[in-house]
1. Can you tell me the accessible area per residue over the chain, all protein chains present, probe 1.4 angstrom, in square angstrom?
2. For the chain, with all protein chains present and a 1.4 Å probe, just round the carbon and sulfur fraction of the accessible area to a whole percent.
3. Rounded to the nearest 0.05, what FRET efficiency do K16 and E64 have when you use their Cβ-Cβ distance and R0 = 22 Å?
4. From the phi angles alone, apply the Karplus equation (6.51, -1.76, 1.60; θ = phi - 60°) to segment 13-26 and give each ³J(HN,Hα) in whole Hz, x where the residue is Gly or Pro.
5. Please report the projected area of the chain's Cα convex hull averaged over all directions, in nm².
6. What lysines could a cross-link reach from K11, if we take a straight Cα to Cα line under 27 Å and drop same-chain neighbours fewer than 8 places away?
7. Calculated from DSSP H runs of 4 or more alone, at -39500 (n - 2.57) each and per residue, what is the 222 nm mean residue ellipticity of the chain, nearest 500?
8. Relative contact order of segment 7-68, please, whole-number percent, based on alpha carbon pairs below 8 angstrom and at least 6 residues apart.
Amino acid sequence: MDDLYFSRIIKEERKKLKMSQEELSILSGVSLPTIRSIEQGTSFPNVKTLNKILKLFNLTLKVERIDK
């Protein structure tokens, strides 16, 4: 899974709710420049920031061990 995977999910979920980046920023408490850079795939959010955003979409972050 790459960084762009999260970017696509966040952007798709925001658009499903017909929400602007500015609205997402206000509701999540994450700065607008951060929202923009996440959606553009130019930065990856830390876990705290990602959870703030995902919570608005009723999504959770799941960590699994992958045995090789």
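The values are calculated or read from the model by the stated rules, or taken from the named source; none is laboratory data. What you see is a predicted model; the values in this text were computed from it and never measured. Because the Cβ atoms are built from the backbone with ideal geometry, glycine has one as well, and the counts that use them run over all protein chains shown. For accessibility, only protein heavy atoms count, side chains too; no ligands or nucleic acids. Shrake-Rupley method; radii C 1.70, N 1.55, O 1.52, S 1.80 Å.
1. Heavy-atom SASA per residue in the chain reads 77 Å².
2. Here carbon and sulfur together make up 52 percent of the probe-accessible area.
3. That gives a FRET efficiency of 0.30.
4. Values per residue, Gly and Pro as x: 5, 4, 5, 4, 8, 6, 10, 7, 4, 5, 5, 4, 4, 5 Hz.
5. The directionally averaged projection comes out at 4.7 nm².
6. Of all the lysines, those that pass the test against K11 - Cα under 27 Å, at least 8 places apart if same chain - are K48, K52, K55, K62.
7. -18000 deg cm²/dmol
8. Relative contact order for segment 7-68 comes out at 32 percent.
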